[in-house]
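The values are calculated or read from the model by the stated rules, or taken from the named source; none is laboratory data. This structure is a prediction, so every number in the text was calculated from the model and none was measured. Note that we place each Cβ from the backbone using ideal geometry, even for glycine, and neighbour counts take in every protein chain shown. With ligands, DNA and RNA removed, areas are computed over all heavy atoms of the protein, side chains included. Shrake-Rupley method; radii C 1.70, N 1.55, O 1.52, S 1.80 Å.
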Amino acid sequence: MNQSPENMTPPTTTGSLETPEASNLFVWNSRFETGIAEVDRQHQHLMEIVNSLGRLFTEESHAESFAKSLAGILNKLTDYAAYHFEFEENLMQRYLPDEAHANTHRLAHAGFSRDMASVLQTLQEENPETVAGKLLGYLSQWLVTHIIGSDLPMARAVLASQSGMSEAEATCHSEYRAPDISTALLDAMNFL
């Protein structure tokens, strides 16, 4: 695809993912805001998909329906993550010519995509509820750590570049001490 971030269209999804906040495993908070509105919207949507996986455990008791719903959620997640990753990579290509930084980000994206392909394969071989339980833990940690550890620094550098800073200045601007990941993960958890 490789188009400018402003011209990208998210994949279509069927069915609403939004539900009352009390039923969500994760809630969005300001700690996850990158300062780039579209990236934040995409992160919120990814969180909504993870929340739909969490709700699946409480709402679906029939094994066949559970497996079908799980496959649908995983397909939504895979499609939307691919769109989101491409959006971020195009953003970096446009504003951050530093290949080392971009390659690290691309490797994290590729690792996630490989992990999801493996999960989809495992779903064919194992109990869907067992797979979903493991996946929920993995996704919860991955999403929070990726936003805090990778996307926040990337966004800071992009915003610095957009403000007119040189590549070196923008790269320096992106280097900051990330908040404690464990604290961020706990903050995102909805214990209601």
Discussion item. So, in region 113-170, exactly how many residues are open to solvent by 60 Å² or more (accessible area, probe 1.4 Å) and not in a helix (DSSP H, G or I)?
Written reply: 5
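Quick one: in region 32-46, which of the residues that are aliphatic (A, V, I, L, M) and open to solvent by less than 40 Å² (accessible area, probe 1.4 Å) is nearest to residue 160 (Cα to Cα)?
Within region 32-46, the subset aliphatic (A, V, I, L, M) is 36-37, 39, 46.
Now narrow it down to the ones that are open to solvent by less than 40 Å² (accessible area, probe 1.4 Å): 36, 39, 46.
Working: 36: 11, 39: 16, 46: 25 Å.
By that ranking, first place goes to 36.
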Worksheet entry | Pair list, Cβ < 7 Å and 6+ apart or interchain, from region 135-156 residues that are at pLDDT 85 or above to residues that are basic (Lys, Arg) | none
Item to complete: Of all residues in region 47-72, count the ones that are crowded, with 20+ Cβ neighbours inside 10 Å, within 17 Å of residue 143 (Cβ to Cβ) and hydrophobic (A, V, I, L, M, F, W, C).
Response: 4
Worksheet item: Got at least one residue in region 81-97 being closer than 18 Å to residue 136 by Cβ and part of a helix (DSSP H, G or I)?
Response: yes
Discussion item. If I ask for residues that are of a type in the set (Ser, Thr, Tyr) and at pLDDT 90 or above, which ones from region 70-99 would you list?
Written reply: 78, 80, 83
Worksheet entry | Conditions (1) more than 13 Å from the chain's Cα centre (by Cα); (2) in contact (Cβ under 8 Å) with a residue 60 or more places away in the chain; (3) open to solvent by 40 Å² or more (accessible area, probe 1.4 Å); number of the one not met by residue 79 | (1)
